[in-house]
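Each remark here refers to the structure printed beneath this line.
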Amino acid sequence: MHQYEIQEDRKVIIDWLRRLGIEFHTSFVVVNPEISDHPIAYANEAFFEMTGYSEEEVIGRNGKFLHGTKTDANTGSQIREATASAQPGIFEIVNYRKDGTPFWNEITVQPLAFPEKSLRYILMLQRDISDRRRAETLIDLQKETYKGIEKGHMLGMLLQNICETAESFFLDGSRCTVLLVDEAKRFQVGAAKSMPDEFTVGMRGLEVSADVSPCGAAYLRQQPVIVEDAAQDSLLSGQQDVLDRFGIKAIWSVPIFNGKEEAIGTFGIYFPEVYKPSHKDLVFMEEIASIVSLAVKFSRQQEEILRLAYIDEESGLPNRHYFRTELKELLKDGKEGFVAFISADEFIKISDQYGHRAGNDLCRELGRRLVLAGGAGEKLVARFSDSRLSLYSTIPLTRAPEFLEDILSSLREPVSIGEMDLFLTVKVGVAIVTPAQQNAEELVRCADSALSKAKERIGEAVCYFENEQDEVMMRDLRVANALTVALKRKEISVFLQPKVALESRDILGFEALARWKSPELGDISPAIFIPAAEKNGKIRQLEQHVIEQVLSWLKKRQEQGLQLRQVAINISAEHFFHHSFVPHLVDETKKFGVDPKWIQLEITERIGVVDIDTAGTVFDQLKKYGFATSIDDFGTGYSSLSYLQKLPVEEIKIDRSFVSNMEEHGTRAVIRTIIQLADNLGLRAVAEGVETEDDRTQLLEMGCTIAQGFLFHRPMPIDEAHLL
C-alpha cells in the first residue's frame, strides 16, 4: 500500500472517530501507538471541557502533560505499557486541569484494530471520578479517625492527618489548618503542619475576631467565609505583607460545629493562587469539618476516660499507672536519659501535723516545679506513691548533672503550708537509661533502690543506681554532678608551675594548672574533670575561674611591690571561639588593674584545624590588647607547619610526649626541627615535661633555652608560688 493511501485511510478513521465523538458524550482521546511518544491523534469536545485545554494544545502531545506533583508515576507507567502492548485495562490516576486543579481520572484503555488497513489506535475513555474518590476518602478518613482515637493517638496527629488528606484534593501548594477556639475565645492550633512556624506562633492564643481573618469571621458568623482574592478583600486589608510572606492568595474557611450546633473552631484552606470554590468544594470542606468535629468530640471523651484512669485525683498529677505505661512507650524511641524518684523528708510530718490534704498540696507543688525545672525537653512527671514523685527525662546524660541541679534548685525554695513557709530536704534516686538498660520495670526498681540509699544520707542527696556495666558512665556522671557544685562553691584551685631558663634555671614565668579536691570524691585528676567540663558545657566557666584567680594573684603581687612574671593559662577551643572570650579578658584585666602583657593564653594547635581564619582574627585581637599567646602541645596535630606562620603567636610548646622519648633518634629529629622552625619564625620554643639532667643537656645542645618540668619545679599551690 502506498504512503498516500495509508494517510488517506488514517483520515477516514479519524473522521469516523470525530463523528463518533459527537454522539459519544464521555470524554475520550485516541492515541497513536505506532509512534514512540504515543501522541494524541484525536480528542473529543468532552475531553476539552473536562481538562480546560483546547484542541491545539492537545493534538500531537503525549498525555503526560496532564501529570503533576500528585500523579502516581507507577500508574502512569502502567498506562504507557498497556498502550504500547495494546492491552485493555482500567486505571485511576490523578491528572491536572489547565488551571492547575487536580482531579481523579478513570482511564479505560481500549485498543482499536483495523487489520484490513494495517492500522491500530488506542481509545482512552476518560471519566472524572473525583466526586466518587472524595466520598470514598471521607468514609476511609472517618474510619481512620475512629481507629486512631481507640488506639489513643494524640488529637493533633489525627487532625493533621485530616488536613493532609484534604490537601490532596486541591491545588498544589494548598495548605489546610484546624483552629480550635478555647473558653477564652482564643485560637488554639489543632493542626497546621503545612504552614510556617511563624503562622502557628502568631495564631496560638490570638483572640478571635471577625475583622482580622476569614477563620475568625467563619467562627463568629457560623457560616463559610470565602476569600477568593486575598489582595482585594477588605477582610484582609492591611495584612498584605503577611500574606505575601506566607505565599497566600486565597483563603476559604468553614466553621466546625459540635453536637449542639455550637461553633468550636474552623477548618481553613490557604491557596497559593487566586481561587474560587465550586459548590462541590464547599460541600467537601463542610464534610471534612464534620469529621474534625467527631475527632475532637471523641478524642476529648477518650481524654476524660484516660484522665480518670491515669490521674491522681488528690494532687492532679499523673499517677503511677500512667507513668509506667508512658515510660514503656517512650523507651521504644531508644533515647538515653534517666528515671528518678524524688521525695521530701518532711512529707510525713506535714501530713501528720496539717492533714492529708496538706501532703497532697505539697506533692502538687513539687510536681509543678518539676515540670517547670530544667528547661524544655521530653519530660514525664507523676505521683508514684503518697510521698514519692517520679520523673523521666530524655536529656543527654552529659547534661544530666546540670539538669538535676536545676531541679534541686527549684525545690530548695520554701513551700507554703498553712501559714508557714517550709524548707524541704529533698532526696533523689536516679537510674540512668543506657543501651544495656531499657526495661521500664527494671529502671523503676533501680531508681527506687537509689532513692533508698539517698534517704540514708543526711541532708539533701542525689544517689545514682550503679552496676558493673555502667561503672565508667557512672564515674563520669558523679564527676560531672560534683563539678557543677564545685564551680559554684569555687572548689577548683589553681597551681602554678614555673617556666625556667634552661641554662641558669631562673624562673621566667608560670603556667596555671587547675586542680580539684572534692569533699566527696577526693582528688580528681585534670585528665578526668577537664573532659567532663568540656562534655557538660562547663569548660568556659572553669577557665574563667582560673583566669580570675591568676589575675587576683598578680594584683596581690603588684600591690605588695613584688616582681611580676607572665602566667600562661590554657584555653579550650570552645572558649577561644566564643564571642565573649576577648571582651571578657579585657574587662577582667581592667577590673583587677593588671597589664594584659602578664597574661599568656595557651591554645592547642588543633584550633587551626577547626577554623584557621577565625583563629587568626582572635589572635590579632589578643595581640592588639597586649596579651601574649602560645601554641600548646605543638607537633601532635596534623597541620602545624601549614598554618603556624598565619597565626601571630610568640611561643610554641614542645609536647612532653616528645621530650619523654628523646632517646629515640626520630624523636630527637622532630624536636630539633621544631626548635629550628621556632627560631626561623622568631618564636620561643618551650619544652614541657623535663625530668632529668640528661633531658636538660640534650635540649640545650639542640638550641632550646626555656623549659618546665619536675627537674626544676613541680606545680605548686598559688600561695606557695607567691613566695618565689
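The values are calculated or read from the model by the stated rules, or taken from the named source; none is laboratory data. Fair warning: this is a prediction, and the values are worked out from it, not measured in the lab. Neighbour counts run over all protein chains shown; Cβ positions are idealised from the backbone, glycine included. All accessible areas refer to the heavy atoms of the entire protein, side chains included, with ligands and DNA or RNA removed. Shrake-Rupley method; radii C 1.70, N 1.55, O 1.52, S 1.80 Å.
Okay, here's what the table says:
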read-out: Ellipticity estimate at 222 nm from DSSP helix runs (n ≥ 4, -39,500 (n - 2.57)) divided over the chain, nearest 500; value: -14000 deg cm²/dmol
read-out: Contour minus Cα-Cα distance for GLU441 and GLU56 (0.36 nm per residue); value: 131.4 nm
read-out: Beta bridges by DSSP in the chain, antiparallel share as percent, to the nearest 5; value: 75
read-out: Heavy atoms of TRP553: accessible area, 1.4 Å probe, square angstrom to 10; value: 10
read-out: Evaluated at q = 0.13, 0.24 Å⁻¹: base-10 log I(q)/I(0), Debye formula over Cα of segment 102-211; value: -0.68, -1.25
read-out: Pair LYS590, GLU313: separation of 7 Å Cα→Cβ label points (nm); value: 6.5
read-out: MET195 accessible area, 1.4 Å probe, all protein chains in place, Å² to nearest 10; value: 10
read-out: Selection from LEU235, HIS356, VAL567 lying farthest towards where the dipole of the chain points positive, charges on Cβ; value: HIS356
read-out: Which of GLY616, PRO39, GLY68, positive extreme of dipole for the chain (C-beta unit charges); value: GLY616
read-out: Residues with amide H under 5 Å from that of ALA687, placed H, sequence gap 5 or more; value: ILE654, ILE706, ALA707, GLN708
read-out: Charge dipole (debye, nearest 20) of the chain; +1 at Cβ of Lys and Arg, -1 at Cβ of Asp and Glu; value: 820
read-out: Inverse mean reciprocal Cα-Cα distance (Kirkwood Rh) of the chain, Å; value: 33.5
read-out: Label-point gap, in nm, between GLU261 and THR108 - each point 7 angstrom along Cα→Cβ; value: 4.4
read-out: Shape metrics for segment 345-407, restricted to C-alpha atoms - Rg then Dmax, Å; value: 13.4, 41
read-out: Neighbour-limited loop hits for trypsin sites (Lys or Arg not before Pro), segment 186-215 (at most 13 other Cβ within 10 Å; DSSP other than H, G, I, E, B); value: ARG204
read-out: Förster-model FRET efficiency, 56 Å R0, GLN560 and SER416, C-beta, rounded to 0.05; value: 0.60
read-out: In Hz, Karplus ³J(HN,Hα) per residue of segment 657-667 (6.51, -1.76, 1.60; θ = phi - 60°; x = Gly, Pro); value: 5, 6, 4, 6, 10, 5, 5, 7, 4, x, 5
read-out: Heavy-atom accessible area ranking, 1.4 Å probe, most first, across THR75, THR69, THR614; value: THR69, THR614, THR75
read-out: Nearest-0.05 FRET efficiency for ASP241 and GLU150, computed from C-beta distance (R0 35 Å); value: 0.20
read-out: Centre separation in Å (Cα based) which lies between segment 315-385 and segment 120-172; value: 42
read-out: Distance in nm between pseudo-label sites at SER278 and LYS70 (7 Å out along the Cβ direction from Cα); value: 1.3
read-out: Within-13-Å neighbourhood charge of ARG364 [Cβ basis; K, R +1; D, E -1]; value: -2
read-out: HN-Hα J in Hz across segment 614-625 - Karplus 6.51, -1.76, 1.60, θ = phi - 60°, x for Gly and Pro; value: 5, 4, x, 5, 5, 4, 4, 5, 4, 5, 4, 7
read-out: Percent carbon-and-sulfur accessible area, the chain, ignoring ligands, DNA and RNA, probe 1.4 Å; value: 50
read-out: Gain in span if fully extended, ALA669 to SER449, counting 0.36 nm per residue against the direct Cα distance; value: 73.3 nm
read-out: Förster radius 22 Å - calculated FRET efficiency between ALA527 and GLU456, Cβ distance, rounded to 0.05; value: 0.10
read-out: Heavy-atom accessible area order for ARG383, ARG515, ARG445, largest first, 1.4 Å probe; value: ARG445, ARG515, ARG383
read-out: Relative compactness, segment 512-633, computed as alpha-carbon Rg over 2.2 N^0.38 Å; value: 1.10
read-out: Computed lengthening from GLU520 to ASP172, 0.36 nm per intervening residue step minus Cα-Cα distance; value: 118.9 nm
read-out: Solvent-accessible area of LEU366 with every protein chain in place, 1.4 Å probe, in Å² to the nearest 10; value: 10
read-out: Accessible-area ranking of GLU262, GLU688, largest first, probe 1.4 Å; value: GLU262, GLU688
